[in-house]
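Since every read-out is calculated from the coordinates, none of them should be taken as a lab result. All figures in this text were calculated on a predicted structure; none of them were measured in a lab. Here the Cβ positions follow ideal geometry from the backbone for every residue, glycine too, while neighbour counts run over all protein chains shown.
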Amino acid sequence: MSYWDRVLIRRVSRRRGLAALGAGTAAAAFLAACGGEDEGGISTPGGNGSSGDTSGLVSEITDTSDVAKRGGVIKWYSSSEPNHFDGGVQGQAQLNVFNGLAYGSLVQNKPGYKEAASNTEVVPDLATSWEFAPDGLSVTFKLRDGVKWQNLPPVSGRPFDAEDVIANWTRYEAKGGNKAANSNKANPSAPIVSVTATDKSTVVYRLAQPTSFILQRLATMTTGEAGTQLPREADNGFDPRTGQIGTGGFILDTYEPSVRLLYRRNPDYWNTKEPYADTLEMPLLPQYPTALAQFQTGNLYAYPVLSTDIVATKQQSPEIAMYKNLASSANPSAMVGFGWLPLANGEKSPFLDVRVRRALSMSFDREAFIDVFSNVSRYEDDGLPVETFYFTSMGYLPDVTLDPREGSFGGNAKYFEYNPEEAKKLIDAAYPNGMPEFESKRIIGTQFGLDHQDQVEVLDNYAREVGFKPIPKQLDYNLEYLPQIVTQQGKFNGWAYRFGATSSADPVDYFVWRYWSKSGATSGSLGFGGPDGSLGDQSGDPEVDSLIERAMQETDNAQRITLVHDLQKVLAGQMYGVTRPGIGSGFTLAWPALGNAQVFQNDSRGSSAGAPGTPYTWWIDSSKRPLSS
């Protein structure tokens, strides 16, 4: 019997929800025949779960910056290669890490120190300071002196100045992959009206409305967004599709398609302290077993080992360091997005009724779901400290996301409780003769994770247990999901498992993207209107719109977070979208020779999901494994 079979039996016996993996699975069949016994609860934040590490496996996160040495080779990896290198035009996830290595932005997301960042603050990069106008309709940046472009033709190491920023914005307005989210010319609800200069070291971004998250928008190094600063020679002597010329700390030295990328330290980088390493080697390793083997033998110094393999890998290679971590983001990555168009049989959308939306939320067994998909039971069985985090109307960010399990959340916390009996009553009240069938739309394949299909199956079956009748409908990601779901603001029937990246990591920006009625066609707006979401006319919820607009105008970070808290409480009652249940804290592995692993987290300069930080702050300690004997 596999581990997953055992954990499903254990948790399903406590709460029936994970029989949702399907009657045809070995786990469900075995459960029906044998039953099982509960073996304990799940850890919760704030000291209510595991008290600490009893496994002896977890290493302390240690800041070694004061003894860091320059030089050496960081052996990292990439699981995929870019279609091209033009990070200012087309969004492509496989380019995001490379984009942040070579290029800079005016500001950067403030990393978390030994913990996940809140993604609510920025720090200087190519700009040293900024100031908002009293009316909030412009922000002025002072550019850093002494910044040079990398010494590659035709740019050839010349100084970076305001003319570059303006040329880059002009190019972005014409070609930017997500220009409709940022350029007011492309979308009247987008924030940036113009970019001008008062002198070579001063640039002014004029805004259509106060936009508190504009700094995070300009910190975003995700491809296709507005943050990446390319030289004015782009498309004018320099083809950014075929190479990179930036202001960043790493210079692209070698690209061998299907083999590797090699970066070298930029000797003219404005930050004379970082990066530490002379060379960054990134072999292209799309196959997980191959990459894992390379990591275990020390040919890679860090690799995002799957949660199910973390403990076994550590036990097989005890010299590898194991650090506790948390993958935090305002974006929950997956949400049941409701369509408000009539069903195929002509009946009006069931999801215009708030009782139906609340019933779906209460059908989710959040603890059991988190247990299985975040590997909680196995970690606890191995004596590892684990915390669990519920998603609300947003994903989890430290100090930003409220915990519905705590009394301070308010009365709407009840809609996050697993309460199938109450959910059935709500469905019966809305549909005394039974709810009609509807399509449950999801993409084909693993673009959203190796276990995406299992997660969708679980959530659909939670819903079935209380009276929903979802009929699976698979969509091709490019041909159907993108044009039929993502840009339609709820103009489809049934429900859809929604994904998508926000235009920045800022939590207010997340709510603008997902819940503001004025976001425009490129947003994730759910399309509901009226104070209870019963109209389906895209007019928006007045209370939600008001809170978002207040947060957009608020520049005090503490007050912004308070407004985000209020949004979570209000949206918990309306459930315009029901996020996936949540996550558990996890662990990441790195060889001890990689100094500063996991110290500076959520750095937007070339970090990736599952990486213990960024190559900018790592350094090579040749006295430690795998470099020492």
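Computed quantities for the displayed model
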{"read-out": "Phi-based couplings in Hz for region 131-145 (Karplus 6.51, -1.76, 1.60; Gly and Pro marked x)", "value": "8, 7, 5, x, 8, x, 9, 7, 9, 10, 10, 9, 7, 6, 6"}
{"read-out": "Cα centre as origin, Lys/Arg/Asp/Glu Cβ charges: region 115-241 dipole, Debye", "value": "300 debye"}
{"read-out": "Alpha-carbon centroids, region 573-612 and region 137-201: separation in whole Å", "value": "30 Å"}
{"read-out": "Cross-link reach list, lysines versus K175, counting only Cα pairs under 19 Å and skipping chain neighbours closer than eight places", "value": "K185"}
{"read-out": "Per-peptide average of other Cβ atoms within 10 Å, ordering 366-376, 204-214 highest first", "value": "366-376, 204-214"}
{"read-out": "Too-long pairs where the Cα-Cα distance tops 20 Å, listed order kept, from K110/K273; K110/K148; K75/K624; K110/K142", "value": "K110/K148"}
{"read-out": "Calculated Rg and Dmax of region 559-609 using C-alpha coordinates, Å", "value": "17.4, 50"}
{"read-out": "Cut-off under 5 Å, modelled amide H: who pairs with F587 long-range", "value": "N325"}
{"read-out": "Descending principal axes extents, region 326-451, alpha-carbon based, whole Å", "value": "52, 39, 27"}
{"read-out": "Integer Hz, Karplus 6.51/-1.76/1.60 couplings in order for region 210-220, x for Gly and Pro", "value": "x, 9, 5, 8, 4, 5, 5, 4, 7, 8, 6"}
{"read-out": "About the Cα centre, charge dipole magnitude for the chain (Lys/Arg +1, Asp/Glu -1 at Cβ), debye", "value": "580 debye"}
{"read-out": "Listed residues P350, T242, A423: farthest to the positive end of the dipole of the chain (Cβ charges)", "value": "T242"}
{"read-out": "Where labels lie 7 Å past Cα in the beta-carbon direction, separation of E417 and N557 in nm", "value": "3.6 nm"}
{"read-out": "9 Å beta-carbon shell around R217, net charge (K/R +1, D/E -1)", "value": "-3"}
{"read-out": "Per residue, the convex hull volume that the Cα atoms of region 209-249 enclose (Å³)", "value": "102 Å³"}
{"read-out": "Radius, Kirkwood style, for the chain when every pair of distinct Cα atoms is counted (Å)", "value": "25.6 Å"}
